[in-house]
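The values are calculated or read from the model by the stated rules, or taken from the named source; none is laboratory data. Keep in mind that what you see is a predicted model, and the values were worked out from it rather than measured. Cβ atoms come from the backbone with ideal geometry, glycine included; neighbour counts cover every protein chain shown. Side chains are part of the model used for accessible areas, which takes the heavy atoms of the whole protein and leaves out ligands, DNA and RNA. Shrake-Rupley method; radii C 1.70, N 1.55, O 1.52, S 1.80 Å.
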Amino acid sequence: MTHLDPRHMQAVHARIAQLQSPEMSQRLEGKVERINARIPGASRGNLIEQAFRSSSNAKRLMWLRKEADITQKAAEPESACRAGCSHCCHINVLVPEPEARVIAKEIGLHAPAQPDPRNILITGDYASDEGMAKFQREKETRHMSHFGQPCPFLLNNQCSIYSFRPMVCRQQISLDDDELLCRLVDGESIPVPYLNQQISQAAQLILWGPQTRLADIRDWFPNGLSD
């Protein structure tokens, strides 16, 4: 995270204004259309359906990951995300408890830690557009305490559990041309043109259930790979 730099913020504001122009809006829409064209037929929906048919959380997560990974692969030519870029590893990473328990087993831990109750968010009726908007607001207001803190699994600007990384990490795809807006600035909230994955995110919330606990990855795994 960097301190407020007037020259950097001038570039940021210029980029934001550019993204709001009709020309750039059309360009972003073109990126989304090309991403969708690269994904075979109804494969995303089929994979999500497989998740709902599965009998265990591990199997559910497996199908959700497959859906997220084919989307990420299709988005690579249109995205600013690159290996070694770790800006989004310093923001809140909200993980549902069932997913945290699967990840713990995959990385050789008995179970995730128990988060401070004050840091827990309980899922509710987030399936609607209004519900998802509420969910996003609650995430932003209740989990800013981790802003600027590195993920416990970030080593040398690389994810040390990349194959088992959370769904929210798999779905964080910037459609900008570079990482300018992704750079964290102390005290600033900078909008990034992320790929809209609201449908699959809503499906996950429904799948895990209306009373599922969510907490930041730093709360579930405060010591990273150490027990």
Failed condition for I199, given (1) closer than 30 Å to R15 by Cα; (2) open to solvent by 50 Å² or more (accessible area, probe 1.4 Å); (3) in contact (Cβ under 8 Å) with a residue 40 or more places away in the chain; (4) β-branched (V, I, T): (3)
- prompt: All but one of (1) at pLDDT 95 or above; (2) in a helix (DSSP H, G or I); (3) open to solvent by less than 30 Å² (accessible area, probe 1.4 Å) hold for P112; which doesn't?
  reply: (2)
message: Please go through the stretch 93-124 and give me each residue that is of a type in the set (V, I, T) and farther than 11 Å from A215 by Cα, ordered by number.
response: V102, I103, I107
Every residue from the stretch 51-78 that is over 19 Å from R165 (Cα atoms) and either of a type in the set (A, V, I, L, M, F, W, C) or not in a helix (DSSP H, G or I) (or both): F52, S54, S55
query: What do you reckon, is A17 in a helix (DSSP H, G or I) and surrounded by fewer than 15 Cβ atoms within 10 Å (Cβ to Cβ)?
result: yes
task: Look through the stretch 205-227, keep the residues that are at pLDDT 90 or above and of a type in the set (S, T, N, Q), and return whichever of them is surrounded by the fewest Cβ atoms within 10 Å (Cβ to Cβ).
output: N223
Unmet criterion (only one of (1) farther than 25 Å from G30 by Cα; (2) in contact with a Lys or Arg (Cβ under 7 Å, 6 or more places away or on another chain); (3) surrounded by 19 or more Cβ atoms within 10 Å (Cβ to Cβ)) for I161: (2)
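Please verify whether I35 is within 27 Å of D178 (Cβ to Cβ), modelled with pLDDT under 95 and open to solvent by less than 70 Å² (accessible area, probe 1.4 Å), treating the condition exactly as stated. Before you say what the answer is, go through the steps one by one.
Numbers: within 27 Å of D178 (Cβ to Cβ): yes; modelled with pLDDT under 95: no; open to solvent by less than 70 Å² (accessible area, probe 1.4 Å): yes.
The answer is no for I35.
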- request: Evaluate the stretch 38-47: report whether one residue or more is basic (K, R), open to solvent by 30 Å² or more (accessible area, probe 1.4 Å), in contact (Cβ under 8 Å) with a residue 24 or more places away in the chain and closer than 20 Å to I173 by Cβ.
  value: yes
- request: Would you mind telling me which numbered condition in (1) open to solvent by 50 Å² or more (accessible area, probe 1.4 Å); (2) closer than 29 Å to P40 by Cα E99 fails?
  value: (1)
